[in-house]
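Written below as structure tokens is the structure these notes are about.
The values are calculated or read from the model by the stated rules, or taken from the named source; none is laboratory data. Note that the structure is a prediction, hence the values are computed from the model and not measured. Here Cβ is always computed from backbone atoms with ideal geometry, including for glycine, and neighbour counts include all displayed protein chains.
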Amino acid sequence: MNTELQGILLMFLLVIALGIPLGRYIGKIFNYEPTFLDKLFNPIDNIFFRFSGIDPRKEMNWKQHLIALLTINLVWFVFAMLALTNMSWLPLNPDGIPSMSADLAFNTSVSFITNTNLQHYSGESGMSYFGQLILMLWQFISAGTGIAICAVLFMAMKEKTSQTLGNFYSFFVRSCTRILFPIALVVAALLVFNGMPMTFEGKDAIQSLQGDSMQVSRGPVAAFVAIKHLGTNGGGFFGANSAHPFENPSYLTNVIEMVTQMLIPIAMIFALGYAINRRKMSWMIFGVMSIGFLLLAVPTVLQEMKGSPEINKLGITQPMGSMEGKEVRFGAAASGYWSIATTVISTGSVNAMHDSFTPLSGMNQMLAMMINSFYGGCGVGMLNFYIFIILAVFISGLMVGRTPELLGKKVEAKEMKIAMIIALLHPLMILAGTAIAASMPAYTASTLSNTGFHGFSQMLYEFTSSSANNGSGFEGLGDNTAFWNISCGIVMLLGRFLPIIGPIAIAGILAGKKYIPESNGTLKTDNSTFGLMVFAVIAIIAALSFFPALTLGPIAEYFTTL
């Protein structure tokens, strides 16, 4: 096997090997079972609860969980806005970075509280160290929020009738202290030992080999990069993100960052099985998600290894594959694999420029975000997949002539209406946003680096990334304008919170219904047959919703290269 492919296989197997035991550990945290870190973190948790006046033992219903989530996110948004619009005079600004404009601060604040980390600025020139630390804190908070609300979903899926589903604040604090912080600490240490900067000093003066003197940005990079990947945030400390040599120095750090960003989303699948005592369901979900991921990753890797058809026309050989916009230290294969992992996982970090990929690879990157349910982000990936489970249960129930049931609870009209609204909301935001952008050339034409099919793809990718809370971009787009900052900010808000509200509402309603024990006629939701039904529902919805738009962009561009 090709050495590059062996490296990719190693990364995939390593994350599974780590994700299974981590999932069991997360399941124990949600079930409040004893863990080896309790003695260390119980006192720390108690300090947080005592300081905030929160009783972690007070049970909440699903509505109270959502109110708590939305309220604290609003407070964090206001705090972020104040910090970013006043950076110039706040501390930890050795390079004299100016404050952000109101529209850019709005976009950035929304981006980081929604776990999107879409960056319409360049990190080293647009953000002070104080701003970077604020955003680093938000990367813990947004990831902890996603994990905590996923814990609420797991509590609702247990085989019992209950109006209360634990305490959101308790789930949130435990997610941060027992999952995110210790793993991020280990990852940051590994990155520092492999050459990543970790300092609060300003720019350093160096002399190049040809004698030029230049200023090189640095900062607390290792800590930032650790949580950016662990929390599936993706925001780069530098403008070039993980293509920057300070943010991803070597192939080893590339492996560490790849495994880190996939770790919690895969672990959450197995945490579900442990938390609700349905391990077969975990393996069914993992199988469906992995098939979808591989169907996107394998063609992308192979296409990038073949090279660009446009360069082939010139008679130029490409032994290293399509290397435009890619780093030699990673290669075409590892960059192609990263591009799908980061869009499937909704991390949004990049180690190569997606704008430079071959057309069908760009299509696969967009499809990964359009589907938005193969692994997904921290916690919310499971919420997105839950919607497709509800749809598959309903369709399967109609096919066999039975009332649809999920884990002993009847799925009725109210739950189906919510599920359909959420399933259609994602395509609506992407396609409507792109249509508005395409119809307003006065605001968008000058921001595109390409005309024609690729220019359309740049706009389509931007709204897809915003709605999927991914944050990556076709960086040929000049997106730091009032139009892009405000429109993408609105899409990010809707794309984050409505897909959280819908699944939790469904799960909460089902949790309050009478439990019906399984019988011989009960539809099994943990076998391969049901898994195929879920996959079919995902494929049909994605194909029907997005294929016309993809035809106007990357597919049409591909045919121009033949």
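Structure summary
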quantity	calculated
Close pairs (9 angstrom Cβ cut-off, 6 or more residues apart or separate chains): touching a residue at least 40 places away in the same chain (Cβ under 8 Å) and within 18 Å of Ile500 (Cα to Cα) in segment 465-486, assigned to a helix (DSSP H, G or I) and among the basic types (Lys, Arg) anywhere	Asn469/Arg496
Yes/no for Phe547 being part of a helix (DSSP H, G or I) and in contact with a Lys or Arg (Cβ under 8 Å, 6 or more places away or on another chain)	no
Checking Val110 against (1) at pLDDT 95 or above; (2) touching an Asp or Glu at 6+ places or on another chain (Cβ under 9 Å); (3) aliphatic (A, V, I, L, M), the condition it does not meet	(2)
Counted residues, segment 76-104 - those being aliphatic (A, V, I, L, M) and in a helix (DSSP H, G or I)	9
Per-region count, segment 464-481, residues at pLDDT below 90, surrounded by fewer than 24 Cβ atoms within 10 Å (Cβ to Cβ) and touching a Phe, Trp or Tyr at 6+ places or on another chain (Cβ under 9 Å)	2
Selection count where residues are basic (Lys, Arg) and either in contact with a His (Cβ under 8 Å, 6 or more places away or on another chain) or farther than 26 Å from Phe140 by Cα (or both), scope segment 184-234	1
Segment 32-63: number of residues that are surrounded by 17 or more Cβ atoms within 10 Å (Cβ to Cβ) and within 25 Å of the chain's Cα centre (by Cα)	1
Residue count for segment 300-319, restricted to those that are of a type outside the set (Val, Ile, Thr) and in a loop (DSSP other than H, G, I, E, B)	6
Conditions (1) surrounded by 22 or more Cβ atoms within 10 Å (Cβ to Cβ); (2) under 23 Å from the mean Cα position of the chain (by Cα); (3) not hydrophobic (A, V, I, L, M, F, W, C); number of the one not met by Ser128	(2)
Checking Tyr375 against (1) more than 12 Å from the chain's Cα centre (by Cα); (2) closer than 30 Å to Leu510 by Cα; (3) hydroxyl-bearing (Ser, Thr, Tyr), the condition it does not meet	(1)
Number of the condition not met by Glu124 [criteria: (1) modelled with pLDDT under 95; (2) within 24 Å of Ile345 (Cβ to Cβ)]	(2)
The one condition in (1) more than 19 Å from the chain's Cα centre (by Cα); (2) surrounded by fewer than 24 Cβ atoms within 10 Å (Cβ to Cβ) that Phe286 fails to fulfil	(1)
Every pair of residues 6+ apart whose Cβ atoms lie under 6 Å, when the first sits in segment 181-197 and is within 21 Å of Val216 (Cβ to Cβ) while the second is crowded, with 17+ Cβ neighbours inside 10 Å and among the aromatic types (Phe, Trp, Tyr)	Pro197/Phe246
Any hit, segment 180-194, residues being aromatic (Phe, Trp, Tyr) and surrounded by 24 or more Cβ atoms within 10 Å (Cβ to Cβ)	no
Residue within segment 516-527 that is of a type in the set (Lys, Arg) and without any contact (Cβ under 8 Å) to a residue 60 or more places away in the chain present	yes
Number of the exception - Gln210 against (1) assigned to a loop (DSSP other than H, G, I, E, B); (2) modelled with pLDDT of 95 or more; (3) not aliphatic (A, V, I, L, M)	(2)
Number of positions in segment 295-325 that are within 27 Å of Phe238 (Cβ to Cβ) and without any contact (Cβ under 8 Å) to a residue 24 or more places away in the chain	3
Members of segment 134-159 that are of a type outside the set (A, V, I, L, M, F, W, C) and either out of contact with any helix residue (DSSP H, G or I) (no Cβ under 8 Å at 6 or more places or on another chain) or assigned to a helix (DSSP H, G or I) (or both)	Gln139, Ser142, Gly144, Thr145, Gly146, Glu159
Number of the condition not met by Ile490 [criteria: (1) surrounded by 18 or more Cβ atoms within 10 Å (Cβ to Cβ); (2) within 25 Å of Asp103 (Cα to Cα)]	(1)
Breaking point among (1) more than 29 Å from Gln64 (Cβ to Cβ); (2) surrounded by 17 or more Cβ atoms within 10 Å (Cβ to Cβ); (3) modelled with pLDDT under 90; (4) over 24 Å from the mean Cα position of the chain (by Cα), for Leu562	(2)
Filtered residues of segment 204-242 (kept if over 31 Å from the mean Cα position of the chain (by Cα) and either touching a residue at least 12 places away in the same chain (Cβ under 8 Å) or on the phi > 0 side of the Ramachandran plot (or both))	Asp204, Gly211, Gln215
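A quick yes/no check of all residues on (1) touching a Cys at 6+ places or on another chain (Cβ under 9 Å); (2) small (Gly, Ala, Ser); (3) surrounded by fewer than 16 Cβ atoms within 10 Å (Cβ to Cβ):
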| site | (1), (2), (3) |
| --- | --- |
| Leu494 | no, no, no |
| Ile500 | no, no, no |
| Ala505 | no, yes, no |
| Gly521 | no, yes, yes |
| Leu532 | no, no, yes |
| Val537 | no, no, no |
| Ala542 | no, yes, no |
| Tyr558 | no, no, no |
